[in-house]
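What follows is calculated from the coordinates using simple rules that are stated; it is not laboratory data. Since the structure is predicted, the reported quantities are computational estimates derived from the model, not experimental observations. Glycine gets a Cβ as well: all are built from the backbone with ideal geometry, and neighbour counts include every protein chain shown.
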Amino acid sequence: MPGSPASDAAADRVTVAGTGGDDAFAVRGAGTTVDLTGLPAAVKVNRADAATDTLAIDGGDGADTLDQSGLPAAAIGLEFSD
Ligand SMILES: [Ca+2]
Ligand SMILES: [Ca+2]
């Protein structure tokens, strides 16, 4: 339902690609909102649902790191490849 504040129950996958250099990503969540920083453009996922949704981060070349200490375990599925 458009505009519904609840999860849409669909499996959403958000893929983010890093740069060719060293990237220091940080992901944090509050409620059903997940924010990813560390890129020139910040990424925000609204209405994240850990049961169905995945945030996939591909660091690309370089020594890439991910700080997920600010992300509640139940916020969203998370995949990270350095
Ligand atoms: Ca990188
Ligand atoms: Ca890398």
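Structure notes:
- Picking from residues in the range 52-82 that are free of Cβ contacts under 8 Å to residues at least 40 places away in the same chain and hydrophobic (A, V, I, L, M, F, W, C), the one that is nearest to ligand 2 (Cβ to nearest atom) is A73.
- Residue within the range 1-22 that is out of contact with any strand residue (DSSP E or B) (no Cβ under 7 Å at 6 or more places or on another chain), within 16 Å of ligand 2 (Cβ to nearest atom) and aliphatic (A, V, I, L, M) present: no
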